[in-house]
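The values are calculated or read from the model by the stated rules, or taken from the named source; none is laboratory data. Since the structure is predicted, the reported quantities are computational estimates derived from the model, not experimental observations. Side chains are part of the model used for accessible areas, which takes the heavy atoms of the whole protein and leaves out ligands, DNA and RNA. Shrake-Rupley method; radii C 1.70, N 1.55, O 1.52, S 1.80 Å.
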Amino acid sequence: MNSPENALTTEQIAQFAQRIDARKRLLQDEIRHVLARSKKEHYADLIGGAGDSGDASAASLLRDITESEVIRDVGEVRDIVAAEQRIAAGQYGICIDCGTAVRYKRLDAYPTAKRCLACQERREKLQAPSPYTGR
């Protein structure tokens, strides 16, 4: 593992930890609110009660959107928990793939980043779906 260049200061890590914690609390509140709202609301009632198949489709769409929002938020909370674990282990700001420092600008834009930009781009290229060749 390489020695991380441009390592973060203790103060910078503390600032990121505060930002991460605030975001986690916001997301957890949002998840609780959405789930509580979805239990109270019947989507068919939102569109005027029992109706035609278009109404049922609209209610289904609203359910799907709510579910997608919760899934997205839960995924972000998982990223935050992983970042908190890296902070606790003294590994925050160090790429999990190559061991070099994750640049401050990247962490400032994406505080839960676990890879340096080069490793993240390489990972995305390797995981990108193959284009359809039409053959």
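Contour minus end-to-end for Ala7 and Arg25, with contour as 0.36 nm per residue of separation and end-to-end as the Cα-Cα distance?
Details: separation 18, 0.36 × 18 = 6.48 nm, distance 2.71 nm.
Stretched fully, the Ala7-Arg25 segment lengthens by 3.8 nm.
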Exercise for review: Keeping every protein chain in place, order Lys114, Lys24, Lys105 by accessible area at 1.4 Å, biggest value first, i.e. largest first.
Suggested key: Lys105, Lys114, Lys24
Practice item. Name the residues whose placed amide hydrogens come within less than 5 Å of the amide hydrogen of Ile94, ignoring near sequence neighbours (fewer than 5 apart) on the same chain. Key: Val102
Check your understanding: Using a 1.4 Å probe, how large is the accessible area of Tyr104, given in Å² and rounded to the nearest 10?
Key -> 90 Å²
